[in-house]
Amino acid sequence: MVAFSQRSYDNWALATDSELVEATRQGNMDAYGELWIRYAHVAVKLGQSLTRCNAEDIVSESFARILRHLRAGKGPTTNFRAYLFATVRTLIVDGSRAKSADTVLIGDPEQLVALAGATRAPEPCDVADMAKSSWNSLGERDQSLVWASAVQGYRTSEIGVKLGIPTPQAAVWLHRARKRLRTAFLTAHIPATDDPVCAAHRRRFAPYLQGKCSAPRRMQLDGHVAACSPCADAFTAARDVYFRMAMAKPPRAGTHR
């Protein structure tokens, strides 16, 4: 197997799935991050086609489960995508979808700080400021939705009743509110720059990591990151925050009584 440098974003992007799996088994989280970038978005689409529960949470749990298997010397050796899809289906079939749907990936500012504290990012006071800024960037409805779910422990159906809207609509609103909070928190970790070219590319970091970049823009960003050391460092830090947010398993809020 080719020896890939942990800091070489380009090399990990060129590695085969089998090489990434083996590197992950040996403890390299950058390699697993590349597998996430390659397959998380298609796994979410699969989940959405199979259940009305939160597919992103199910995919996050699937990646977490596979990571535990790899660290234990088990899990896939070939065809990671097929193994991931099978794990998603298993979670949906065996009832883990309920657990995944109740998992709070991002809640109030204190939970954001707890998650971000595990990264190699800024000092705690800076992270707290980022969390507060991200929370304050949300509209009143988004704050109410996330607070009701993450802190008060209301289920989506209960939120729908309180708002006088159907449960599916409440689920969509909550999903969008969580996504906006995650995006705001991720963006807060991307350092500003006076270079207009670098600034333009850094504005695309969040969409890139969330699978929202078009193929041409992704190629442009890949090329820039490969040639610009400051942006490569900024991207690596942003990817780490994004990946840890997605993989984190903070305590679930208790069900409202």
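The values are calculated or read from the model by the stated rules, or taken from the named source; none is laboratory data. As the structure is a prediction and not an experimental result, all values here were calculated from the model. Don't worry about glycine lacking a Cβ; one is built from the backbone with ideal geometry, like all the others, and counts go over all protein chains shown. Quick note on the areas: whole protein, heavy atoms, side chains included, nothing else; ligands and nucleic acids left out. Shrake-Rupley method; radii C 1.70, N 1.55, O 1.52, S 1.80 Å.
Counting only residues that are surrounded by 17 or more Cβ atoms within 10 Å (Cβ to Cβ), of a type outside the set (Ser, Thr, Tyr) and in contact with a Ser or Thr (Cβ under 9 Å, 6 or more places away or on another chain), how many does segment 126-157 have?
Total meeting the criteria: 2.
What do you reckon, is residue 142 assigned to a loop (DSSP other than H, G, I, E, B) and either touching a helix residue (DSSP H, G or I) at 6+ places or on another chain (Cβ under 8 Å) or of a type in the set (D, E, K, R) (or both)?
So residue 142 does not fit the description; no.
Within segment 39-57, identify whether any single residue is surrounded by 18 or more Cβ atoms within 10 Å (Cβ to Cβ), aromatic (Phe, Trp, Tyr), within 20 Å of residue 90 (Cα to Cα) and out of contact with any strand residue (DSSP E or B) (no Cβ under 9 Å at 6 or more places or on another chain), and answer yes or no.
Looking through segment 39-57, at least one residue is surrounded by 18 or more Cβ atoms within 10 Å (Cβ to Cβ), aromatic (Phe, Trp, Tyr), within 20 Å of residue 90 (Cα to Cα) and out of contact with any strand residue (DSSP E or B) (no Cβ under 9 Å at 6 or more places or on another chain).
Per-residue answers, yes or no, for (1) open to solvent by less than 40 Å² (accessible area, probe 1.4 Å); (2) part of a helix (DSSP H, G or I); (3) at pLDDT below 85:
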{"site": "194", "(1), (2), (3)": "no, no, no"}
{"site": "197", "(1), (2), (3)": "no, yes, no"}
{"site": "201", "(1), (2), (3)": "yes, yes, no"}
{"site": "213", "(1), (2), (3)": "yes, no, yes"}
{"site": "218", "(1), (2), (3)": "no, yes, no"}
{"site": "224", "(1), (2), (3)": "yes, yes, no"}
{"site": "232", "(1), (2), (3)": "yes, yes, no"}
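Looking at the structure I just gave you, is residue 31 within 23 Å of residue 224 (Cβ to Cβ), open to solvent by less than 10 Å² (accessible area, probe 1.4 Å) and modelled with pLDDT of 80 or more?
Judged against the criteria, residue 31 is a match.
Here is a list: 146, 161. Which entry is within 18 Å of the chain's Cα centre (by Cα) and at pLDDT 80 or above?
The conditions single out 146.
Find all pairs meeting these conditions: Cβ atoms under 8 angstrom apart; at least six residues apart or on different chains; first residue within segment 148-170 and under 22 Å from residue 135 (Cα atoms); second residue among the aliphatic types (A, V, I, L, M) and open to solvent by 60 Å² or more (accessible area, probe 1.4 Å).
Going by the 8 Å Cβ cut-off, the qualifying pairs are 170/163.
Just a yes or no: is a residue in segment 7-16 open to solvent by 20 Å² or more (accessible area, probe 1.4 Å), of a type in the set (Asp, Glu), at pLDDT 90 or above and assigned to a helix (DSSP H, G or I)?
Looking through segment 7-16, none of the residues is open to solvent by 20 Å² or more (accessible area, probe 1.4 Å), of a type in the set (Asp, Glu), at pLDDT 90 or above and assigned to a helix (DSSP H, G or I).
Would you pick out the residues in segment 166-192 that are open to solvent by less than 30 Å² (accessible area, probe 1.4 Å), modelled with pLDDT under 85 and of a type in the set (A, V, I, L, M)?
170, 174
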